[in-house]
Amino acid sequence: MSKYTDPAYTAFVGLLQRRNDVLPTLQTSSVTNAATHYLSTLPDEYLPSLCHAIVTSPSLWQDPTQSEARLLGFAGVFHSATALKYSSVNTLHGEGILSNRSVRRDMSEWLKQVVDGLSVLNARFDVRLAVFTGLLRGVREQQSLDGVSSRAKIEDQIVLACLEATGEHSSPDWVEQFGIHRISSPHAAPSTLQFLSQALQLLPGRKIRLLDLQGIIKSVLGKYSACFSEGHFLWNLDESLSTNIEGQIVIQKTTPFAAALKKISSDPFYSVIGPSSTLIATCITHLPDAMGGTTSWMVFEELVDTLQTHAATLSEAWSRSKLADVLKEEQLATESREVTTHLWTIFKSVLFSNILMFQSILDLLLFDQPQNHHSIPIPSKILTTLFYLSFITSKLGPGSSAQGGTFVEQRKVFFTALDVLEKDSDAAKHWLEGVSDKVDDKVPSKTVSQSQISFFLISAEQLIPILDEGIVENLVLPKAQPYLLDPSQREMFESAHSFVLSIFSNHSKMEDDWNPENKFTKDKIAGQLAPFYLNCLLTNSSEGGMSTEQLCLAFSSLLNSARHLDLALAQLCIDKVWDKIEAVAAGSNPEQSSSQEQAHKLRLALVSSISAASSRLLPDLLQRLRSTMLDEKDIRRKKELVSAAFKQVSVGAADADREIVMRWWLKLREEMNLADGEAVIRDVEAAAAQSQ
């Protein structure tokens, strides 16, 4: 072996081997950059000694206050060094099949030397876990290195480090072959949880299943519970609040609540709550294959029960606080706003971590469909947990609760849980009844109560195909009805209308698919609700009520359902809208724009219902719409009416009615051209052509 005589390298290795920690006198980036450089440029025969010096360095690892940052730094070192070495070898050999073989050969030798140097049994497990995880990340990123022999050795070393990190008391027989017996491990540091999370995402499933996955889940869940005091950190919140002379809420910084927030943010676990939740999610994915179905689903049910209990405690305490009904920042004293921002960051962390864990369980339920009684209540318990956390969701954006969540992952969990629950109609109805009871409880906070009602309504909307008449009439509609005419509470208003429209939509779909078992019940509910809901739509057509798009969609859905019930009811709906238009026009000042816009909005609703009306209703409806369009003097309104009609003609009308509608459109087109409406027609058709 030739001697490597770089004095800088010799000094660097000497620095690593010193007993006293002199590295704080150097910038961390200088140390990690030097390590990356030498790992990617040294002759291969020198790599084992360098790697050995790194993982056993007293200078690097003896100071616990520096250990966390250095673990993260050196994981990045081995990740970056792999990429740099691959790039230099690739440049050296160029392109081509033979070159690829040479690259693979050289990288295999480099990895062998690195792994030999890092495989030091007396090195700390967290150091080995960090550097091997970084190394495996680098290997995984280079597709041409798939299958190299050193990769399996890297994975084995990660498994060994994981066994020590998770405190295994009994090791598999194959571990003894490595000369490792039980090594006493300290409690996992935050960086250890982070590297465990990364490692389990990189390892193949057969090696992940060698770990005590159940033990990891319970351990990390215990840290989660301790960090958030099992949801009790809000119980002394109101004692920490006062009011200043301006009537603003003040949060005292010396109170138990402020101390509780500080305790959470300073908890080492809180800094890695994301990776820790991902770690649990990964363990959940592999646990059934490692332990079998029955035991696994018992573990999952226990996990969901724990999270549900935390969420219930958190929701109850928050609903009793004055902060729950704070809608504007101005209601808080300036010095207290930073505290509330911190509090909502913690709330979001709770929600996001729950979503990560729930998704992995639901994926198993959705794709594996286990036949196990422990799996049956899990979707309902997940939904109940989200119900309790709905006060957080409602603050993340307008309409968040009504959409099932703010971010994609949350909506996926919400709708997946409902899809799984819907397969068991009895369980779904039982869950809805249970949540209804919780909504009926006297919740001190109006804001929390409304977020829970909104969650209840959107859930019931998704379950409407399997709900019977009693649940719809006695449980759900009474909660929706108070908000149907109150657009000032926008989220509740839209959730209530969305649920009612789901009744009509489901009725229309059922008529198309005709199911004699449910026909009578669904006919009865839709028939009783139609006249009442029509009046709601007419009332909400005024300024500040429904938007034009919402009104058009709602009336079309109502008319589509009504024509399946009774043509007379459908005709009544159309006539009532015409009557409302005439009443608005008759009672308004021609210069009053709000009344004119209301009438215009109602006319657009009638145009949008062309595709929902039956062939027996169409002739009269089309004739009146034709007169309306020809008589409209305002160019903008005329264009909007014609554009809506063209859309109905081109894509909305049913095949059976298309001939009637097409003849009407051609006649209208001809008459508008004669009545100086040629420009309107031309603009509408040109806009439609561009959008295709």
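The values are calculated or read from the model by the stated rules, or taken from the named source; none is laboratory data. Everything numeric here is computed off the predicted structure, so don't read it as measured data. Note: ideal-geometry Cβ built from the backbone for every residue, glycine included; neighbour counts use all protein chains shown. All accessible areas refer to the heavy atoms of the entire protein, side chains included, with ligands and DNA or RNA removed. Shrake-Rupley method; radii C 1.70, N 1.55, O 1.52, S 1.80 Å.
Might you check whether a residue that is over 20 Å from GLN462 (Cβ atoms), of a type in the set (D, E, K, R), out of contact with any Gly (no Cβ under 8 Å at 6 or more places or on another chain) and modelled with pLDDT of 90 or more occurs anywhere in the range 545-552? Yes, the conditions are met somewhere in the range 545-552. Among residues of the range 13-41 being at pLDDT 90 or above and within 14 Å of HIS52 (Cα to Cα), the one that is most open to solvent (accessible area, probe 1.4 Å) is TYR38.
Across the range 44-62, a minimum of one residue is classified as closer than 22 Å to GLN157 by Cα, of a type in the set (Gly, Ala, Ser), in contact (Cβ under 8 Å) with a residue 24 or more places away in the chain and open to solvent by 30 Å² or more (accessible area, probe 1.4 Å). Does ARG128 meet the test of being assigned to a helix (DSSP H, G or I) and open to solvent by 40 Å² or more (accessible area, probe 1.4 Å)? No.
Does LEU606 count as surrounded by 20 or more Cβ atoms within 10 Å (Cβ to Cβ) and within 21 Å of LEU565 (Cβ to Cβ)? So LEU606 passes the test. As a summary of the residue check, SER611 satisfies the conditions (1) in a helix (DSSP H, G or I); (2) modelled with pLDDT of 85 or more; (3) open to solvent by 20 Å² or more (accessible area, probe 1.4 Å) except for the one numbered (1).
Looking only at residues in the range 226-244 that are open to solvent by 50 Å² or more (accessible area, probe 1.4 Å) and not aromatic (Phe, Trp, Tyr), the one that is farthest from ILE273 (Cα to Cα) is THR243. For the range 86-94, state whether one or more residues are under 29 Å from SER197 (Cα atoms) and assigned to a helix (DSSP H, G or I). For the range 86-94, residues under 29 Å from SER197 (Cα atoms) and assigned to a helix (DSSP H, G or I): present. Within the range 324-344, the set of residues being β-branched (Val, Ile, Thr) and under 24 Å from PRO444 (Cβ atoms) comprises VAL326, VAL339, THR340, THR341. Take the range 462-489 and flag every residue that is charged (D, E, K, R) and more than 28 Å from LYS412 (Cα to Cα). Across the range 462-489, the qualifying residues are GLU469, GLU473, ASP486. Residues of the range 149-162 that are open to solvent by 10 Å² or more (accessible area, probe 1.4 Å), of a type outside the set (Gly, Ala, Ser) and more than 15 Å from PHE78 (Cα to Cα): LYS153, ASP156.
When you check VAL115 against the structure, is it in a loop (DSSP other than H, G, I, E, B) and either in contact (Cβ under 8 Å) with a residue 24 or more places away in the chain or surrounded by 22 or more Cβ atoms within 10 Å (Cβ to Cβ) (or both), yes or no? So VAL115 does not fit the description; no.
Scanning the range 193-225 for residues that are open to solvent by less than 60 Å² (accessible area, probe 1.4 Å) and either within 24 Å of PHE347 (Cβ to Cβ) or without any contact (Cβ under 8 Å) to a residue 24 or more places away in the chain (or both) yields LEU193, GLN194, SER197, ILE217, VAL220, LEU221, GLY222, LYS223, TYR224, SER225. Of the listed requirements (1) part of a helix (DSSP H, G or I); (2) modelled with pLDDT of 70 or more, VAL175 misses just one: (2).
Candidates in the range 448-496 are the residues that are among the aliphatic types (A, V, I, L, M) and assigned to a loop (DSSP other than H, G, I, E, B); of these, the one that is surrounded by the fewest Cβ atoms within 10 Å (Cβ to Cβ) is LEU485. Taking the range 404-447 as the region of interest, how many residues are outside any helix (DSSP H, G or I) and acidic (Asp, Glu)? Count: 2. Against the conditions (1) modelled with pLDDT under 70; (2) in a helix (DSSP H, G or I); (3) under 29 Å from GLY545 (Cβ atoms); (4) of a type outside the set (Asp, Glu), ARG603 satisfies every one except (1).
Residue by residue, here is whether (1) at pLDDT below 90; (2) under 27 Å from LEU327 (Cβ atoms); (3) open to solvent by less than 10 Å² (accessible area, probe 1.4 Å); (4) outside any helix (DSSP H, G or I) holds:
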{"residue": "GLU338", "(1), (2), (3), (4)": "yes, yes, no, no"}
{"residue": "HIS342", "(1), (2), (3), (4)": "no, yes, no, no"}
{"residue": "ILE346", "(1), (2), (3), (4)": "no, yes, yes, no"}
{"residue": "SER349", "(1), (2), (3), (4)": "no, yes, no, no"}
{"residue": "ASN354", "(1), (2), (3), (4)": "no, yes, yes, no"}
{"residue": "LEU366", "(1), (2), (3), (4)": "yes, no, no, no"}
{"residue": "HIS373", "(1), (2), (3), (4)": "yes, no, no, yes"}
{"residue": "ILE376", "(1), (2), (3), (4)": "yes, no, no, yes"}
{"residue": "PRO379", "(1), (2), (3), (4)": "no, no, yes, no"}
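Restricting the range 129-149 to residues that are within 38 Å of the chain's Cα centre (by Cα) and among the small types (Gly, Ala, Ser), the residue that is modelled with the lowest pLDDT is GLY147. Here ASN90 passes the criteria (1) more than 43 Å from the chain's Cα centre (by Cα); (2) at pLDDT below 90 except the one numbered (1). Residue count for the range 89-108 satisfying the condition of being surrounded by 13 or more Cβ atoms within 10 Å (Cβ to Cβ) and touching a helix residue (DSSP H, G or I) at 6+ places or on another chain (Cβ under 9 Å): 11. Residues in the range 619-640 that are of a type in the set (A, V, I, L, M) and crowded, with 18+ Cβ neighbours inside 10 Å: LEU621, LEU622, LEU625, MET629.
So that you can scan it fast, the table gives a plain yes or no per residue for (1) crowded, with 22+ Cβ neighbours inside 10 Å; (2) touching a helix residue (DSSP H, G or I) at 6+ places or on another chain (Cβ under 6 Å); (3) of a type in the set (Asp, Glu); (4) farther than 15 Å from LEU501 by Cβ:
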site	(1), (2), (3), (4)
CYS536	no, no, no, no
ASN540	no, no, no, no
GLU543	no, yes, yes, yes
GLN550	no, no, no, no
LEU553	no, no, no, no
LEU558	yes, yes, no, no
ALA568	no, no, no, yes
GLN571	no, no, no, yes
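Yes or no: the range 507-517 includes at least one residue that is more than 26 Å from LYS601 (Cα to Cα) and at pLDDT 90 or above. Within the range 507-517 (the criterion being more than 26 Å from LYS601 (Cα to Cα) and at pLDDT 90 or above), the answer is no, since none of the residues qualifies.
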